[in-house]
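Chemist: Could you have a look at this structure, given as structure tokens, before my questions?
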Amino acid sequence: MFDHGFSSYIANEKRYSAHTLRAYESDLQQFFDFAQSADENFNPLSGDHKIIREWIVFLLDSGDKPRSVNRKITTLHTYYKYLMREGLVAELPTKKIIKPKTEKNLPYFVDNKAMQELFDCIEFPDDFEGLRDRTILLSFYCTGMRLSELCGLKTFDIDFYSNQLKVLGKRNKERIIPFGVELCGNLKTYIAERNKIATDNDFLFVTSKGEPIYDKLVYRLVNKYLGEVTTLDKKSPHVLRHTFATHMLNNGAEITAIKELLGHANLAATQIYTHTTFEKLKEIYNQAHPRA
């Protein structure tokens, strides 16, 4: 409803990921439903900033976090910029919208000891799924790739001669990530077992029935195994991405190199890990210094 070709635009021209597409479509539908409940004759082409402000107030009163609300505002802004480009509206109603202030939350990450326990002490099931799950966890931790990138990996994306793999990141940008000896051995063992399963696809990670893995399955297994070694509130694939970046920085990696490994478009997105590291240093100082 009221799409006006927007979904096709962000999918084909902006090249947003499938996850982002779903989020944008959900945000827009939520806004349209709210606007029509207030005015059954609502049309976004004649909408103004007042109905958007009412929606924001409604979201905040309903318990939505400012960060979540700001993402929805960004969706609306992108939508109206598209409508303006197409000549369907004369001005942006979102220009008069002030975003709610958000707290700057530092990224969650798992400490070194817990990660060592995960891979050295936790017993994974002695079957295909156990091998696959350990390989998935190790892949996240050793490469810092995103959930969508891992799910999209194909068998031919792995280069064992150079110990590197190719991922398709945001906006269909490819990047090469190196990997070490442990992940190399784990991948070789896993692929040997994967090739014994009858499957008609080239996806690297599959179910025991040969079907491509999906994001909810990966999220569940990451949550399950991280839950055995950490009490963090968040236990997701993205936490492992944060852990990769934080541990790399703590062990002397240049922040520009981490930026390239993570596939960030600019350095500002990577610099949050310097704050994480500094907070950890302050914690260590306060615990260790006798006059802290």
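The values are calculated or read from the model by the stated rules, or taken from the named source; none is laboratory data. Since this is a predicted model, take the numbers as computed values, not measurements. Cβ: placed from backbone, ideal geometry, glycine included. Neighbour counts: every protein chain shown.
Chemist: Being without any contact (Cβ under 8 Å) to a residue 40 or more places away in the chain, outside any helix (DSSP H, G or I) and either within 18 Å of Thr135 (Cβ to Cβ) or of a type in the set (A, V, I, L, M, F, W, C) (or both), is that true of even one residue in segment 275-283?
Modeler: No.
Chemist: Oh, and also: Within segment 102-111, can one find any residue that is under 23 Å from Glu260 (Cα atoms), among the acidic types (Asp, Glu) and not in a helix (DSSP H, G or I)?
Modeler: yes
Chemist: Let me ask something else about it. Assess whether Tyr82 counts as being surrounded by 18 or more Cβ atoms within 10 Å (Cβ to Cβ), of a type outside the set (D, E, K, R), part of a helix (DSSP H, G or I) and under 21 Å from the mean Cα position of the chain (by Cα).
Modeler: No.
Chemist: May I pose another question? Taking Gly144, is it in contact (Cβ under 8 Å) with a residue 24 or more places away in the chain and either surrounded by 13 or more Cβ atoms within 10 Å (Cβ to Cβ) or not assigned by TED's automatic domain parsing to the domain that holds Met248 (or both)?
Modeler: So Gly144 fits the description; yes.
Chemist: Next question, about the same structure. I'd like to check something: does segment 40-50 contain any residue that is assigned to a loop (DSSP other than H, G, I, E, B) and more than 21 Å from Gly87 (Cα to Cα)?
Modeler: Yes, there is a match, as at least one residue in segment 40-50 is assigned to a loop (DSSP other than H, G, I, E, B) and more than 21 Å from Gly87 (Cα to Cα).
Chemist: Also: Can you name every residue in segment 157-178 that is without any contact (Cβ under 8 Å) to a residue 40 or more places away in the chain and either exposed (fewer than 13 other Cβ atoms within 10 Å of the Cβ) or closer than 19 Å to Phe244 by Cβ (or both)?
Modeler: If the condition is that a residue be without any contact (Cβ under 8 Å) to a residue 40 or more places away in the chain and either exposed (fewer than 13 other Cβ atoms within 10 Å of the Cβ) or closer than 19 Å to Phe244 by Cβ (or both), then Phe160, Tyr161, Ser162, Asn163, Gln164, Leu165, Lys166, Leu168, Glu174, Ile176, Pro178 are the ones that fit.
Chemist: Based on this model, can you work out whether Ile191 counts as outside any loop (DSSP other than H, G, I, E, B) and touching a helix residue (DSSP H, G or I) at 6+ places or on another chain (Cβ under 8 Å)?
Modeler: Values: outside any loop (DSSP other than H, G, I, E, B): yes; touching a helix residue (DSSP H, G or I) at 6+ places or on another chain (Cβ under 8 Å): yes.
When the stated conditions are applied, Ile191 passes them.
Chemist: Additional query: Look through Leu137, Leu88, Leu153 and report the one residue that is more than 19 Å from Lys235 (Cα to Cα), buried (at least 20 other Cβ atoms within 10 Å of the Cβ) and of a type outside the set (Val, Ile, Thr). Walk me through it before giving the result.
Modeler: Values: Leu137 fails: more than 19 Å from Lys235 (Cα to Cα); Leu88 fails: buried (at least 20 other Cβ atoms within 10 Å of the Cβ).
It is Leu153.
Chemist: Restricting attention to segment 107-134, and to residues there that are of a type in the set (Lys, Arg) and surrounded by 13 or more Cβ atoms within 10 Å (Cβ to Cβ), which single residue is nearest to Asn223 (Cα to Cα)?
Modeler: Taking the candidates together, the pick is Arg134.
Chemist: Does segment 33-56 contain any residue that is within 30 Å of Leu106 (Cβ to Cβ) and surrounded by 16 or more Cβ atoms within 10 Å (Cβ to Cβ)?
Modeler: The answer is yes; a qualifying residue exists.
Chemist: Hey, another quick one. Among the candidates Glu254, Glu228, single out the residue that is closer than 20 Å to Arg175 by Cβ and of a type in the set (Asp, Glu).
Modeler: Unique residue meeting the criteria: Glu254.
Chemist: Just the residues that are farther than 17 Å from Tyr141 by Cα, surrounded by fewer than 18 Cβ atoms within 10 Å (Cβ to Cβ) and either in contact with a Gly (Cβ under 8 Å, 6 or more places away or on another chain) or not acidic (Asp, Glu) (or both), please, taken from segment 204-250.
Modeler: The answer is Thr207, Ser208, Lys209, Gly210, Pro212, Tyr214, Lys216, Leu217, Thr231.
Chemist: Would you say Glu279 is modelled with pLDDT of 85 or more, over 19 Å from the mean Cα position of the chain (by Cα), surrounded by fewer than 18 Cβ atoms within 10 Å (Cβ to Cβ) and assigned by TED's automatic domain parsing to the domain that holds Leu150?
Modeler: no
Chemist: Follow-up question, since we're still on this one. In segment 228-273, how many are over 19 Å from the mean Cα position of the chain (by Cα) and within 18 Å of Arg134 (Cβ to Cβ)?
Modeler: 3
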